[in-house]
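Read through the structure below, which is laid out as structure tokens, and then see the notes.
The values are calculated or read from the model by the stated rules, or taken from the named source; none is laboratory data. Fair warning: this is a prediction, and the values are worked out from it, not measured in the lab. Here the Cβ positions follow ideal geometry from the backbone for every residue, glycine too, while neighbour counts run over all protein chains shown. Keep in mind that these areas ignore ligands, DNA and RNA; they rest on the heavy atoms of the full protein, side chains included. Shrake-Rupley method; radii C 1.70, N 1.55, O 1.52, S 1.80 Å.
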Amino acid sequence: MRVVAGSVGGRRLVSVPGRGTRPTADRVREALFSALGERVIDATVLDLYAGSGALGIEALSRGARSCVFVERAAPAAQTVRRNLQALDLTARALLVHADATAFCRSPRGGPFDLIFCDPPYDLARSVLLERLGELRAQGALAPDATAMLERDRRDEELDLEWPAWLALVSQRSYGETVLVRLVFAEGYS
């Protein structure tokens, strides 16, 4: 696994030991950041369910102002720390070793322009919506904040309608992974 592009492009990332964390493939990260384009530059980013930190690190490499990495598993949190230190990105990063639920109820580091959600594929869509709703309720989102979700292509909930406060921008498959791009809609009730 490596950083695809930017100031630390081409540098290797350490993976989380064991099989409990599924890393985002390089080509999926490349597609995700290609879709976001200039939106990443100077953005305040939240990497929820950070795993190795690859998504947030890629954002920092591509010009994001800062990134908060949230990870509850100790081995994964240690991996994020190692990757940030090895790439000299700690000054623009905050690692929060906590559960996503607790963080979203009391967020730090926002308001966020970009939110990356790459949870275990078996985490229910309703739980993801609760986390995003909590961030919204806490005022942790910048105007027109964008959320990028990674889901399994076999997820039966992919075709369900999104709540009115989330607008679906795109949904694209890359092998087993589906990238869902959502924008927090203004004027919701």
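Considering only Val127, Val16, Val45, the mean-square fluctuation computed in a Gaussian network model of the chain, springs between alpha carbons under 10 angstrom, is largest for Val127. In this simple spin-label model, placing a label point 7 Å from the Cα along the Cα-to-Cβ direction at both Leu160 and Tyr121 gives a separation of 1.8 nm. Residues in region 147-155 carry Karplus couplings, in order, of 10, 10, 10, 10, 9, 6, 5, 8, 4 Hz; the curve used is 6.51 cos²θ - 1.76 cosθ + 1.60 with θ = phi - 60°, and Gly or Pro positions show x. Share of antiparallel DSSP beta bridges in region 49-189, in percent to the nearest 5? Once the DSSP bridges in region 49-189 are tallied, antiparallel ones form about 60 percent.
I'd like the antiparallel share, as a percent to the nearest 5, of DSSP beta bridges with both residues in region 106-189. Can you show the working numbers first?
Working: 15 of 20 bridges.
In region 106-189, approximately 75 percent of DSSP beta bridges are antiparallel ones.
One Cα centroid belongs to region 35-65, the other to region 112-189; the line between them spans 16 Å. Helix 125-137 axis versus longest C-alpha principal axis of the chain: approximately 90°, rounded to the nearest ten.
Heavy-atom accessible surface of the chain, averaged per residue, reaches 47 Å², computed with a 1.4 Å probe.
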